[in-house]
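Structure record follows, encoded as structure tokens.
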Amino acid sequence: MSEDIEDLSGARLAGRARAELFATQTECVLSFLQDGVPTAVVLSYQVDEDDHFWFTTVEGRRQVRGIESDPRVAVVVSGAGTGLPGRRMVALRGRARVHRDRDVVMDRVRRLAPRLAPGDTDAFVRLLDSPGRLVIEVVPTGVTASHDSTRLAGDGRGGPARC
């Protein structure tokens, strides 16, 4: 537990807390370069067993054009809106790849369905089963920032410590 809220080195998000964030949150920010200019979109995601991020989108979207011209990306996942205790976030840099192979695309859509449509995964899969559908895979290459306020005294807001 860190008492110094100006030195956040003791408040990194790691291990189980990071896995819990990835499993609980369903949306993140994907940042990429479009015509050499940074831009970003909010997308739903799924993280696989190798910690690769997977997104579904359609042909012609700005993220597809940007990634195909420069695969360097950033992904930011925040705990906002999840109900998880404290304030949690992680920002990763990585390399992205667009997949158009129909088997890969539909496999990833089926894996994403339980996260986004647990009540009717089949309807979700049917909805996204379209000719222009593709998936983006991001392989993280490093963490640029992370934060877990539950590792700070008073949750970083001056109240009593939770740990």
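The values are calculated or read from the model by the stated rules, or taken from the named source; none is laboratory data. Because the structure is a prediction, the values reported are computed rather than measured. Just so you know, the surface numbers come from the protein's heavy atoms only, side chains and all, with ligands and any DNA or RNA stripped out. Shrake-Rupley method; radii C 1.70, N 1.55, O 1.52, S 1.80 Å.
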Original post:
For the chain, with every protein chain kept in place, what is the accessible area per residue (1.4 Å probe, Å²)?
Top reply: 54 Å²
Original post:
Once phi is turned into θ = phi - 60°, what whole-Hz ³J(HN,Hα) does the Karplus curve with 6.51, -1.76 and 1.60 give for every residue of region 100-108, x standing for Gly and Pro?
Top reply: 10, 4, 4, 5, 5, 4, 5, 4, 5
Original post:
Round to a whole number: what % of the accessible area of the chain belongs to carbon and sulfur, probe 1.4 Å?
Top reply: 49 percent
**OP:** Please list, in chain and number order, the residues 5+ apart from ALA145 or on another chain whose amide H is under 5 Å from its amide H, with Hs placed from the backbone.
**Re:** ALA91
Original post:
So what J values fall out for region 116-131 if you push phi through Karplus, 6.51 cos²θ - 1.76 cosθ + 1.60 with θ = phi - 60°, rounded to Hz, Gly and Pro as x?
Top reply: 9, 9, x, x, 7, 5, 5, 5, 5, 4, 4, 4, 8, 7, 10, x
Original post:
So what are the ³J(HN,Hα) numbers for region 45-62, from phi and the Karplus equation (6.51, -1.76, 1.60; θ = phi - 60°), rounded to whole Hz, Gly and Pro as x?
Top reply: 8, 9, 10, 8, 5, 9, 6, 7, 8, 10, 10, 10, 7, 10, 3, x, 5, 4
Original post:
Going out from 0 in 5 Å bins, what whole percent of all Cα-Cα distances in the chain drops into each bin?
Top reply: 2, 9, 17, 18, 17, 14, 10, 6, 4, 2, 0
